[in-house]
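Structure first, commentary second.
Quick note: the coordinates plus some simple rules give every number you see, no bench work behind them. Fair warning: this is a prediction, and the values are worked out from it, not measured in the lab. Here the Cβ positions follow ideal geometry from the backbone for every residue, glycine too, while neighbour counts run over all protein chains shown.
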Amino acid sequence: MNVFTIFSKKLTIVVSLLLLITNYCLSQQNIPVPSKNIILHEKPKDLPKITLENKKEGRDIDVVFNKKITVINFWATWCAPCKEEMPSLDKMVDILGPGYVDVLMVNVEAIDYNKSKLFLDELKIKNFDSFFDKDLRVVKKLALRGVPTTLLINAEGKEFSRIMGSVDFADKKFIDWIKTF
């Protein structure tokens, strides 16, 4: 083997690796997330059937994803970060409009509608009410760890992102980011 043949083989391997790496990088979503605690899934995830308890109407509901974006926020009245972020969730609905985004608040505590309603009223929340996760069935199905945890669901009913901890949902960077979906 001469030097040219060896060089040619090595060059072919390097070019092939570069093409593979470039192809992989180009196939990945290149959308910067506005906060460190936001996990953007490479591929949106299928969700199990989600049934929540609606104490206001006294019945269970199956969640239907019929908006461009559905936000499912798991929270508790004792959770300080939940209390901190909740007004920004309400404001996000004002900014994006109820036709664009739907917010489902899921209280993970023992079911007490009056306590939950009082909590939301004290924060002057007007765009959503709270549902309950009886026996934490949904929490277990989704393998959630801690509150607040927020799922972002697309119109096809797939989870495209998960937020672990609190975030300012009314922040301009977050609003601009969520509009890209």
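Between their Cα atoms, which of LYS115/LYS141; LYS126/LYS158; LYS45/LYS68; LYS55/LYS91 are more than 22 Å away from each other? Those over the limit are LYS115/LYS141; LYS126/LYS158; LYS55/LYS91. Once the chain from ASP46 to LYS124 is taken as fully extended at 0.36 nm per residue, the excess over their C-alpha distance is 24.7 nm.
Shape annotation for the stretch 91-172: C-alpha extents along the principal axes are 34, 30, 22 Å, from largest to smallest. Under the criterion of Cα pairs below 8 Å and six or more residues apart, the relative contact order for the stretch 33-178 equals 38 percent.
Counting Lys and Arg as +1 and Asp and Glu as -1, what is the net charge of the other residues whose Cβ lies under 12 Å from the Cβ of LYS126?
Values: positive: LYS91, LYS124; negative: ASP90, ASP94, ASP121, ASP129.
Charge balance in the 12 Å sphere: -2.
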